[in-house]
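Enquirer: Have a look at the structure that comes next, please.
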Amino acid sequence: MSDSSPAFDRNVRIAQWTLAGFAVVFVGGIVGWIMHLIRTAWRLKDVPSASIGISLVAIPVFLTLLGVIVSVFWGLLTDRSAR
Amino acid sequence: MSDAVVERDRALFVPLTQTGRGFYVTVAILGAMILWGAIAYWVQFGEGLGVTGLHQPVSWGFYVTNFVFFIGISHAGTLISAILRLSKAEWRRPITRMAEVITVMVIFIGAGQILIDLGRPDRLLNVIRFGRYQSPLLWDATSISAYLTASTFYLYLPLIPDIAILRDHLGKRRWLYAVLALGWTGTEHQHKVLNRAIAIMAVMVIPIAVSVHTVVSFVFSMTIQPAWHSSIFGPYFVVGAIFSGIAALIVAMAVIRRIYHLDGYLKPVHFRYLGYLLLVMTLLWFYMTFAEYLTGYYGNEPEEMKVFWSKFTGPFWPLFWAMVTFNFVIPLGLLVRLGHHAISKTVVASMFVVVGMWLERFNIIVPTLSNPRLPFPEGHYWPTWIEWGETAGSFGLFILFCVLFVKLFPIISIWEIQEGREVGLKEVEERLRTYLPDEGSHPAAHGREKVLA
Amino acid sequence: MALWGMVIDLDRCTGCQACVMACKAENNVPAVGPKESARGRTISWMHVLHEESEERTRFIPRPCLQCDDPPCIKVCPVYATYRNPEGIVAQIYARCIGCRFCMAACPYNAKYFNWRRYGTESPGRNPDVSVRPKGVVEKCTFCHHRLQKARERALAERRELRAGDYVTACAETCPTRAITFGDLSDEGSEVARLARSPRAFRLGEELGTRPKVFYLSETEGHRRV
């Protein structure tokens, strides 16, 4: 990356953070969706136990995923700005 | 492309830099398949599922079979790659990437089958708005989205250093590679971040993968239909999935090896080891199938037996016995002794297994639906050109995704091969040393000294 | 709360299909045409099964059995089918995504799919029943619209709903009076009395679905149907 212009670098950086944002919004959206399903089941009295039981497993899985994704994006992207 | 490091693995850059006529021919053929699928879907979207061969009582056919099959193939990858990574199997290096690519590409296709199968695809969002966790379909949706996210990320992570190599050396598509490389320069901190993330993902992806095919099987086993309502279905489907996944991986390896002359990277030993894995899975699959059918047969429950006989001697006998032959007899015969034909034998066995596993899914789904409990006439399902088209289109799209990936990214992990040369060799030697009795100290002698003293 | 149920006397059934035709007319059940019918896509909410064995031939009219523990509602991903408080298993056509999971789960094959756009708005349709679009699942609802009508009439006349106010089209039509319909929770009702008869049995009782459609048969020593 010796011959890259500052404008190129800046655009690349913007795209990278957008990518990171998209990943976070995507996984976060799934977690939000699961919680919406619990709420719906609760309001309709439609076997909320199933929703809660499954969410107890699913939500931590997605949160762990989110954690790994954030740590990678953060770890790699901020490392470059420090360089 | 002057760097000595790059020069050494020149063969791995060839797919990215050179595009021959074969590529365009392949894309054209795949495009034709996809076009067929697209036309079929267009017709089906307009007229309804009536254009398929589905009816009462066989309301699920090719699409659901394809769904289970494709999701099964997706176990190729991530699972194999994760297990091999965790067990520090050094021979994994040239094949993990390919396995992960298959997983990610095929899981999109698998999930897409549900959309094709819906009578009202325009209402797909109802699943998100009004989804109920009591339905196994929602378990699928959750599990598959976890798997999709995890395996995409798990493909991407080990790709980052390779993308950085491409960014610095390829000279083409710099914008794409610069963005995706996430500013990778190979610093110690970056390596630490990446390795930790890969390790976590490798552990995480295994239970997620197992859960995916377990809940896919639950779609069937949670009902009270004969030959579906079986407690063995979860593990049975997972075993079948890994089985078909390995087979698909072997076929893909052989194709890529042939086209891009990667004989130096994908050696007979890789096929041999995967062949052993395939052999184990063949035996496991047979064991599961045997257990499943013997239980049904011995119990002799009338509804169960209707389905049983329709598979063994009834209208489904050709498909059933073809399944047994393709999944067990042929692979067993070929894989027991590989001899000097490791590649050809494993590849032929794998091709049979891929077909056989598709038949297995079909044999689970359709015969049960064809034999209702009440005295209805038996259902006869025969797919129309619509279903054939959408199946061809799905395969075409899957292969096209893989072909495009090979054009854009290295299909064999460059940095991991380099790491194997630089770090792996030493590590293995050291590790091997720890397996052996410690040199210099002889515990037996020590013991004797103590006794003497 | 009422619990609507049905008793069908197989010893009286002649297999004349009057119930089937009455149901079709009442519920705008589409005629799919000979071509589709040959493909096995006939929609028949009330279907007369024909069981033939060496010792006998008999007919079993099969509406939706309105199970009290229905396997179909458990699997619906979008709440398009559910059991309402009065025990009728309802189907929401506007919600259904057409995944056909309920069809695969129903042990009685009581659910039907609109493989094409069969139903059309045309004169002669029953205005009380919606015409189903393509791509959704439909089934017998115990002529639920009749219950709504009966209830409104009772309300207008300022009285309680009486036995006999609400009867399904099939029960009303049956020439041999083989079909009895009513409130199972009302101990004194005809339908509850018949359901307790020693001749009574239910289809697939061993499946634990607890259907609210009972069958009567003198020879029902062999439960197997």
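Enquirer: Over the C-alpha atoms of the protein assembly as shown, what are the Rg and the largest Cα-to-Cα span, Dmax, in Å?
Expert: Spelled out, the Cα radius of gyration and Dmax of the protein assembly as shown are 30.7, 111 Å.
Enquirer: Using the C-alpha atoms of the range B:18-82, what convex hull volume per residue, in cubic angstrom, is computed?
Expert: Enclosed volume per residue, from the Cα hull, is 123 Å³.
Enquirer: With the Cα gyration tensor of the range C:83-124 giving a ≥ b ≥ c as the square roots of its eigenvalues, does the rule (a/c under 1.5 for rounded; else a/b larger than b/c for prolate; else oblate) give rounded, prolate or oblate?
Expert: Verdict is oblate for the range C:83-124.
Enquirer: Turning to a different aspect of this structure: Which value, in Å to one decimal place, does the Kirkwood hydrodynamic radius take for chain C when every pair of different Cα atoms is included?
Expert: Hydrodynamic radius (Kirkwood, Cα only) of chain C equals 18.2 Å.
Enquirer: What number, rounded to the nearest 500 deg cm²/dmol, is the helix-based mean residue ellipticity at 222 nm of chain C, given -39500 (n - 2.57) per DSSP H run of at least four residues and division by all its residues?
Expert: Result for chain C: -5500 deg cm²/dmol, rounded to the nearest 500.
Enquirer: Would you please report the Å³ per residue occupied by the convex hull of the alpha carbon atoms in the range B:210-333?
Expert: Normalising the Cα hull of the range B:210-333 by residue number yields 124 Å³.
Enquirer: Of all the stretches in chain B, which is the longest one without any exposed loop site, taking trypsin sites (Lys or Arg not before Pro) in a DSSP loop (any state but H, G, I, E, B) with at most 16 other Cβ atoms within 10 Å?
Expert: B:174-336
Enquirer: Moving to a separate point now. Rounded, prolate or oblate: which fits the range B:270-413, taking a ≥ b ≥ c as square roots of the Cα gyration tensor eigenvalues, rounded meaning a/c under 1.5, else prolate when a/b beats b/c?
Expert: Oblate, because a/c is 1.5 or more while a/b does not exceed b/c.
Enquirer: Can you work out D for the range C:97-225 in µm² s⁻¹ from Stokes-Einstein, where Rh is the Kirkwood radius over C-alpha pairs, the temperature is 25 °C and the viscosity is 0.890 mPa s?
Expert: It comes out at roughly 140 µm²/s.
Enquirer: With only Lys, Arg, Asp and Glu charged, each at its Cβ (+1 for the first two, -1 for the last two), find how big the charge dipole of the range B:258-380 is about the Cα centre; round to the nearest 20 debye.
Expert: 540
Enquirer: Now a separate question. Give the peptides C:1-7, C:191-197 in descending order of average Cβ contacts within 10 Å, highest first.
Expert: C:1-7, C:191-197
Enquirer: Tell me the Kirkwood hydrodynamic radius of the range B:253-309 in angstroms, computed as one over the mean inverse distance between distinct C-alpha pairs.
Expert: 14.4
Enquirer: Right, here's the next one. Kindly write out, for the range B:264-272 in residue order, the coupling ³J(HN,Hα) from the Karplus curve 6.51 cos²θ - 1.76 cosθ + 1.60 (θ = phi - 60°), rounded to whole Hz, with x marking Gly and Pro.
Expert: 3J(HN,Hα) across the range B:264-272, in whole Hz: x, 9, 9, 8, x, 5, 5, 5, 4.
Enquirer: Return a whole-number percent for the relative contact order of chain C, with Cα pairs under 8 Å and 6 or more residues apart as the contact set.
Expert: Relative contact order for chain C comes out at 30 percent.
Enquirer: Sticking with this one: Which ³J(HN,Hα) values in Hz, rounded to whole numbers, follow from the phi angles of the range C:31-46 under the Karplus curve 6.51 cos²θ - 1.76 cosθ + 1.60, where θ = phi - 60° and Gly and Pro get x?
Expert: Result, ordered by residue: 8, 8, x, x, 5, 5, 4, 5, 7, x, 10, 4, 9, 8, 4, 9 Hz.
Enquirer: Tell me, what ³J(HN,Hα) does each residue in the range C:135-143 have, in order and in whole Hz, if you take phi through Karplus 6.51 cos²θ - 1.76 cosθ + 1.60 with θ = phi - 60° and put x for Gly and Pro?
Expert: Calculated HN-Hα couplings, in order: x, 10, 8, 9, 6, 4, 10, 6, 6 Hz.
Enquirer: Averaged across the residues of C:45-55, what count of C-beta atoms belonging to other chains lies within 10 Å of each residue's C-beta?
Expert: 1
Enquirer: On to the next question. Which GluC sites (Glu not before Pro) does the range C:128-213 hold that lie in a coil by DSSP with at most 11 other beta carbons within 10 Å?
Expert: Hits after loop and neighbour filter: C:Glu157, C:Glu160, C:Glu187.
Enquirer: Counting partner chain Cβ atoms within 10 Å of every residue's Cβ in A:64-71, what's the average?
Expert: So the per-residue partner count for this stretch is 5.
Enquirer: Along the charge dipole of the range B:331-413, pointing to its positive end and built from +1/-1 on Cβ of Lys, Arg, Asp and Glu, which listed residue (B:His340, B:Phe398, B:Pro372) has its Cα farthest out?
Expert: About the Cα centre, the residue reaching furthest to the positive side is B:His340.
Enquirer: For C:Lys111, list the lysines whose Cα falls under 29 Å from its own Cα; do not include residues on the same chain fewer than 8 positions away.
Expert: Leaving aside lysines fewer than 8 places away in the same chain, those within reach of C:Lys111 are A:Lys45, B:Lys306, B:Lys311, C:Lys24, C:Lys35, C:Lys74, C:Lys134, C:Lys139, C:Lys149, C:Lys212.
Enquirer: Here is a follow-up. What percentage of all Cα-Cα pairs in chain A are separated by more than 17 Å?
Expert: Percent of Cα pairs beyond 17 Å in chain A: 59.
Enquirer: Taking +1 at the Cβ of each Lys and Arg and -1 at the Cβ of each Asp and Glu, which of B:Pro318, B:Gly53, B:Leu166 sits farthest along the dipole of chain B towards its positive end, judged by Cα position relative to the Cα centre?
Expert: Checked the options; the winner is B:Leu166.
Enquirer: For chain B, go through all pairs of different Cα atoms, get the mean of 1/r, take its inverse, and jot down that Kirkwood value in Å.
Expert: 24.0
Enquirer: Taking beta carbons within 10 Å but only from partner chains, what does the mean come to for residues B:121-128?
Expert: Other-chain Cβ atoms within 10 Å of each residue's Cβ, averaged: 5.
Every number here is computed from the coordinates shown, using simple stated rules; none is lab data. Everything numeric here is computed off the predicted structure, so don't read it as measured data. For neighbour counting, all protein chains shown are included, and Cβ atoms are generated from backbone atoms with ideal geometry for every residue, glycine included.
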